[in-house]
Amino acid sequence: MGLFDVHAHLTHPKLVDRVDEILARASAAGVTTILSNGLNPSDNEAVRQLARRAPMVKPCFGLYPVDAVMLEMERLGVDYPRDAPAVSGDEGIAWVRDHVEEAFAVGEIGLDGYWVPEPLWAEQERVFRALVAIAMEADKPIIVHTRKRERRVLEVLDELGATKVDWHCFGGKVTLARQIAERGHYLSIPANARRHEAFTRMLQTLPRDQILFETDCPYLGPVPGEDNEPANVKTTLAYTAELWGEPEEAVLARTSESFARLFGVAP
Ligand SMILES: [Zn+2]
């Protein structure tokens with residue numbers, strides 16, 4: 001395999017209308033595999049349709065931790081920029097359960113204490129636990145999003161015994177990232193790493209065989225203010241090679257093996 005992006009949002013309104021040119025640029029940059037992550041049932045369905053017509057796109061179905069409690073957020077009058085109709089946590093869980101066999105991985109899912117107020121954390125965690133259980137039962141890896149709730153996510157995953165995990169765009173302390181790596185989990189580094197101190201330290205100090213690449217496009221691009229896209233994983237590859245003092249081909253081989261190990265595919 002070539003370069004990969006374990007966390008993209010190709011169905012995002014900013015990208016979806018130009019997805020063919022975005023995929024063409026990704027191919028030209030050497031990207032062969034893009035995991036497009038769904039946020040809620042309608043987005044999961046869009047990811048599913050895209051993956052059917054574009055073989056380099058691998059479908060990941062999830063329920064974003066804010067979408068997991070969207071109805072409750074509306075009821076509490078919490079301000080949040082929504083671009084999909086709100087569904088209940090149970091509807092979101094049911095969609096993933098019904099389609100999990102088609103999923104390359106389950107994601108993105110997790111706990112978010114940045115947007116979601118504390119009174120809703122218990123319900124958010126109930127939904128997260130149910131989604132982790134579905135993934136584990138189907139033997140699918142999990143792609144985790146967490147903000148301000150990193151330690152709790154690790155506690156839940158430990159308790160449930162989940163081991164096939166990628167932590168996307170980890171924003172917690174680097175010491176916690178090391179504990180996560182000790183569990184055998186993976187951490188994916190976004191394309192803005194070069195201008196981001198914590199991602200740089202993670203690249204320098206985490207086990208090299210547990211590092212993956214992602215974009216989180218359209219967010220977190222290497223150039224502030226510009227839409228991100230999967231082709232930009234090549235900038236993270238170049239930066240990682242620099243930091244590790246390894247040729248790019250060696251970093252690509254190493255990270256491809258990590259990808260293959262986590263997702264159960266041939267490198
Ligand atoms: Zn995301």
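The values are calculated or read from the model by the stated rules, or taken from the named source; none is laboratory data. Predicted model, so just to flag it, every value in this text is computed and none were measured. We place every Cβ from the backbone using ideal geometry, glycine too, and count neighbours over all the protein chains shown. Remember, those area values only see protein heavy atoms, side chains included, never the ligands or the DNA or RNA. Shrake-Rupley method; radii C 1.70, N 1.55, O 1.52, S 1.80 Å.
So here's what we get for this one:
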{"item": "Kyte-Doolittle at least -1.0, axis length at least 18 Å by Cα - qualifying DSSP helices, the chain", "result": "121-137, 248-263"}
{"item": "Separation of alpha-carbon centers, the stretch 170-192 and the stretch 83-137, rounded to whole Å", "result": "21"}
{"item": "Heavy-atom accessible area ranking, 1.4 Å probe, most first, across Lys58, Lys140, Lys173", "result": "Lys173, Lys58, Lys140"}
{"item": "Cubic angstrom per residue, convex hull over Cα atoms of the chain", "result": "114"}
{"item": "Net dipole in debye of the stretch 3-263 [+1 Lys, Arg Cβ; -1 Asp, Glu Cβ; about Cα centre; nearest 20]", "result": "520"}
{"item": "Calculated [θ] (222 nm, deg cm²/dmol) that DSSP helices of n ≥ 4 give over the chain, each run adding -39,500 (n - 2.57)", "result": "-13000 deg cm²/dmol"}
{"item": "Net +/- balance of residues flanking Asn228 in space, Cβ distance below 15 Å, scoring K and R +1, D and E -1", "result": "-1"}
{"item": "Largest-first ordering by accessible area, 1.4 Å probe, given options Asp43, Asp227, Asp90, Asp166", "result": "Asp90, Asp227, Asp43, Asp166"}
{"item": "Value of relative contact order over the stretch 1-135, rounded to a whole percent, pairs C-alpha under 8 Å and six or more apart", "result": "23"}
